[in-house]
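Accompanying notes for the structure given below.
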Amino acid sequence: MSMLRPPKGITDLLEWICPDYLFEGIIGDLEEQYYADVEDVGEKRARRRYFWNALKFVRPEIILRNNITLKIINNIMFTNYLKTA
C-alpha cells in the first residue's frame, strides 16, 4: 500500500502565495482534513476536497500579507507615479 499524500502542486502554490508564518498552519490544517477525508470518502474525493479547501485560502488578504507582493505593488505604483510626473 502506498503512502497517501496531498497533491503537491496545490501545496507548492500555497507555499508561493502565503507568507512563511502562515504557511505552516494552513498546510497543517489542510493535510489533517485531507487524511480525515481519505478515511471518510476515499482518496479521489479527498483530493478534490483538498483542492477546493486550498483555493479558499487564496484570498487577497492572504496574498497581500506577503512582503514580496507588497514590494511588487509598491514598485508598480512608484513606476506609475514617475510616468504621471
For this session: Report the charge-dipole magnitude of region 1-63 in Debye, nearest 20, computed about the Cα centre from +1 at each Lys and Arg Cβ and -1 at each Asp and Glu Cβ.
Result: 400 debye
Exercise. What is the extension gain from TYR81 to ARG5, computed as 0.36 nm multiplied by their sequence separation minus the C-alpha to C-alpha distance, in nm to one decimal?
Worked result: 22.7 nm
Problem set entry | Where a label projected 7 Å from the Cα of PHE51 along Cα→Cβ would reach, residues of region 5-22 with amide N under 17 Å | 5-14
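Coordinate-derived values only; no laboratory data. Predicted model only: the values in this text are computed from it and were never measured. No Cβ is skipped: glycine too gets one built from the backbone with ideal geometry, and neighbour counts run over all protein chains shown.
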